[in-house]
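Here is the structure we will look at, set down as structure tokens.
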Amino acid sequence: PAEHACNLIIFGAKGDLARRKLIPALYKLEKIGFIHPDTCILGVGRAEWDTLKYVKVIRSALEIFMREESIDENLWNRFSRRFEFCNLDINHTERFVLLINKLKRLDLLTINYLAMPPHTFDNICKGLSSIGLNKELNRVVIEKPLGIDLDSARVINANVSKYFSETQIYRIDHYLGKEAVLNLLVLRFANSLCFSNWNNSTIDHIQITVAEEVGIEGRWGYFDKIGQMRDMIQSHLLQILTIVAMSPPSCLSSDCIRDEKVKILRALRMVDPYRIHEITVRGQYVAGFIGGKPVPGYLEEKGANQNSTTETFVSIRVNIDSWRWFGVPFYLRTGKRLFKQYSEIVIYFKKPVLNLFSDLCSCLPNNKLIIRLQPNEGIDMQILSKVPGLGNKNRLKPVNMNLYFNKIFSKEYVSDAYERLLLEVMRGIQVLFVHYDEVEGSWKWVDSIVKAWEEQSSNSILNVYQAGTWGPSESTAMMLKDNRSWNEYI
Ligand code: BG6
């Protein structure tokens, strides 16, 4: 079914985000009939283009970024007719009226997608308010980087919230649009097996890994100023952590779910700066091999500053001071140029208190629930089983119960994160978007770590790791100190 009709205005129409993610996602939504026939898409930028030229740019973006899919000409005709282009310098508020002239229907709800850097938000929002496009039901979509620390995040928020209320602001964290992340809510709250075993009396610890094969991809200037902690942990990993750790919401409304997530962020234990190196590991990659191909080190990337000490890898032990999670550490790990692109959440359950099989197995392994986020979304459960046989001594073996969603749901449509999120903005549902209180909570905690790293900089250790590995050996050592180890990739 087509969703509500709207005017979708994309600021930064010719930028990377628009061409790489938004245009392909909109095309796919068109294909499955989820865009209302009256919806118009207005690209805004400083290029001296007309609509015809813009449509050509859209076509080439689709050809480049939807490689696996050929473009259907009938569909393209319908899709391309939705577009208009408006040349606008956002520094001139009085020129925003040009947007009004380009919109065919002014009675429709307007979604303003700011695919632009945050320093432009103030001018854009001011311009939109000057022509009334910030009124009641209209929405504004913004996305990371929403600051580099708490202070800058506050400034960005103040600039947007001068003109739009919290219920109109949709902050994207694209991990919240991933199928497997959404499925976490169902797994946790629709299955009593999980529901009743999700606390510190049954769980030993939890690991969250987001490993990337990609390096800096021409983004050195941006990435070097922030590093993996602010780029990945502050956003994607903490979002996953809150969904894994939150208490059951009383309903599935945006307010209820986001309130529970905020409680987790507020309960993150602040680190003791003097123990920062016991609970965190920072790393930076040097040249190595990925999939058998040589790749350069971080300092050899294009535009690199040879003295950079920015981290491309972080692992960290997180404690949540709540009744549910007291004594259950969460270990987070993320890095660029690791062995494989692979993300997972692993729940390690406690071992049985008494080992009745000590003659067969001196140390019973933890049962593990492995939630694979990407690629090959699915769930594995590791249990210990008797090996069949008549011998008078049983043999025990850890076995895996695997669920692969692409096999079980092979006939279902699996959407990309941006398709899902654009649709939710059109529907006006905020559950999958980050509330400002979450932004505050995550930056407060991340700032405390970054500050501790800076304060301890005389011995702020930057460990190197070879590209194509699982990160610095110190990350393995951090787990060993707690008598644990990272879940092995099979
Ligand atoms: C982005 C980060 O938000 O997420 C990138 O800025 C990172 O550095 C990317 O590579 C990872 O997203 P995904 O969906 O490819 O796992």
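The set of residues from the stretch 416-450 being surrounded by 19 or more Cβ atoms within 10 Å (Cβ to Cβ) and of a type in the set (S, T, N, Q) comprises GLN430, SER442. Looking at the stretch 338-363, which of the residues that are closer than 18 Å to VAL214 by Cβ and part of a loop (DSSP other than H, G, I, E, B) is farthest from the ligand (Cβ to nearest atom)? Within the stretch 338-363, the match that is farthest from the ligand (Cβ to nearest atom) is PHE339.
Considering only the stretch 237-250, I want to know if a residue exists there that is within 16 Å of the chain's Cα centre (by Cα), near the ligand (Cβ under 10 Å from one of its atoms) and hydroxyl-bearing (Ser, Thr, Tyr). No, the stretch 237-250 has no match at all.
Take residues that are within 16 Å of the ligand (Cβ to nearest atom) and modelled with pLDDT under 95 and tell me which of the helices (runs of 4 or more DSSP H) falling wholly in the stretch 143-221 contain 1 or more.
Those helices (runs of 4 or more DSSP H) span 179-189.
Counting only helices (runs of 4 or more DSSP H) that sit completely within the stretch 227-301, those holding 2 or more residues that are closer than 24 Å to SER473 by Cβ correspond to 276-279. Surrounded by 13 or more Cβ atoms within 10 Å (Cβ to Cβ), in a strand (DSSP E or B) and without any contact (Cβ under 8 Å) to a residue 24 or more places away in the chain, is that true of MET401? When the stated conditions are applied, MET401 does not pass them. Number of residues in the stretch 388-417 that are within 16 Å of the ligand (Cβ to nearest atom) and hydrophobic (A, V, I, L, M, F, W, C): the value is 2.
Inside the stretch 308-327, residues that are assigned to a loop (DSSP other than H, G, I, E, B) and closer than 25 Å to GLU213 by Cβ make up a count of 5. Summed over the stretch 83-94, the residues that are among the charged types (D, E, K, R) and buried (at least 19 other Cβ atoms within 10 Å of the Cβ) give a count of 1. Taking the criterion of being away from the ligand (no atom under 16 Å from the Cβ) and either surrounded by fewer than 17 Cβ atoms within 10 Å (Cβ to Cβ) or in a loop (DSSP other than H, G, I, E, B) (or both), the residues of the stretch 364-377 that qualify are LEU364, PRO365, ASN366, ASN367. Of the residues in the stretch 328-337, at least one is surrounded by 17 or more Cβ atoms within 10 Å (Cβ to Cβ), in a loop (DSSP other than H, G, I, E, B) and within 16 Å of the ligand (Cβ to nearest atom).
Which residues, counting only those in the stretch 377-389, are within 17 Å of ILE345 (Cα to Cα) and more than 17 Å from the chain's Cα centre (by Cα)?
Answer for the stretch 377-389, where residues must be within 17 Å of ILE345 (Cα to Cα) and more than 17 Å from the chain's Cα centre (by Cα): GLY378, ILE379, ASP380, MET381, GLN382, ILE383.
Would you please list the contacts, defined by Cβ atoms under 7 Å and residues six or more apart or on different chains, that run from a residue in the stretch 317-343 that is under 19 Å from ARG275 (Cβ atoms) to a residue that is within 16 Å of the ligand (Cβ to nearest atom) and among the small types (Gly, Ala, Ser)? Short answer, once both residue conditions are applied: ARG333/GLY471.
The values are calculated or read from the model by the stated rules, or taken from the named source; none is laboratory data. This structure is a prediction, so every number in the text was calculated from the model and none was measured. Ideal geometry is used to build each Cβ from the backbone, glycine not excepted, and the neighbour counts take in all protein chains shown.
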